[in-house]
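**Student:** To start, I am sharing the structure in question, which I have written as C-alpha cells.
The values are calculated or read from the model by the stated rules, or taken from the named source; none is laboratory data. Remember, it's a predicted structure, so these values are computed and weren't measured experimentally. So basically every Cβ, Gly included, is an ideal-geometry build from the backbone, and we count neighbours across all protein chains shown.
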Amino acid sequence: MQNSSRRGFMGKAFGAVAGVGAVASLYAMKRSWDPLPSVKAAGFTTIDMSVYKENELVVEKWRGKPIFVLKQSKEMLDTEDKNMSQITGKTTSAMDKKRLIKIGNAHFLVCIGLCTHLGCIPGYNPDKKSFLCACHGGRYDDTGMVTKSPPPRGLDIPPFKIDGTKLVLGEEGPEYKKMKETGVTL
C-alpha cells in the first residue's frame, strides 16, 4: 500500500512540475510575440500644442520620422486667405485652410517632414514662410502645399487625434478621417 501512495504522490508531483513548465513556456512564447515596449511607445506620440510659437518650425519625432509642427500666425492665415481668393475669385472661409489643424483658436501645420518627391527633408525659411527641398528645388508653402515642382503632392499629414490642447499622433481621429475622405492627405 505504501508503494502505491508513493507512486501516486510522484505522479502528482511530476504532473504539477509539468503543468508549471507548460504555463511558463506559454508565457515566454506570448512575450516573444508581443512588440517590444520601445516599439509600442513609438506607435503613439502625444504633443502639447499649447507650447508652440507662431512661425517657428519645431521638429518632433514619430515612428522614426521627422514631424514638422508650424503654428500659423495671423499674417500667415491672412496670406492664405488672399492666395485662395486670387485663385478662386471668391472670399475664403475656414474650410479653405483644410490642411491646417485647428486646436482652440490656433491653426497648425502638422506634417511628415519628408519631401514627397524623393524623401529628402525640406528646410523652412521663416522670412519667406516656405519650405525648400534643396535636393531638386521643390518648394512648399506654409500649409505644406507644393508651390514649385517636382514634388507630386503636398507634405503628408500623419494620422492624428485631437485631445483638448494635445495632438495624439498615430491614432485616427474624426478630423483626420475627414482629411482622408476629402483627399487632403493619403
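**Student:** Just one of the numbered conditions (1) outside the structural domain of V69 (by TED's automatic domain parsing); (2) at positive phi is not true of L186; which one?
**Tutor:** Just one mismatch for L186, condition (2).
**Student:** Mind listing whichever residues of the range 146-161 are part of a strand (DSSP E or B), buried (at least 18 other Cβ atoms within 10 Å of the Cβ) and either at pLDDT below 95 or not basic (K, R) (or both)?
**Tutor:** V146, F160
**Student:** Then there is this: Whether any residue in the range 62-80 is at pLDDT 95 or above, among the β-branched types (V, I, T) and under 30 Å from V168 (Cβ atoms) is what I want to check.
**Tutor:** Yes, the conditions are met somewhere in the range 62-80.
**Student:** Another question, then. Could you please find all residues in the range 8-60 being under 20 Å from V168 (Cα atoms), at pLDDT 85 or above and in a helix (DSSP H, G or I)?
**Tutor:** M49, S50, V51
**Student:** Let me confirm something: among G104, G154, which residue is farther than 23 Å from T46 by Cα, out of contact with any helix residue (DSSP H, G or I) (no Cβ under 7 Å at 6 or more places or on another chain) and in the same structural domain as K65 (by TED's automatic domain parsing)?
**Tutor:** None of the other options fit; the residue is G154.
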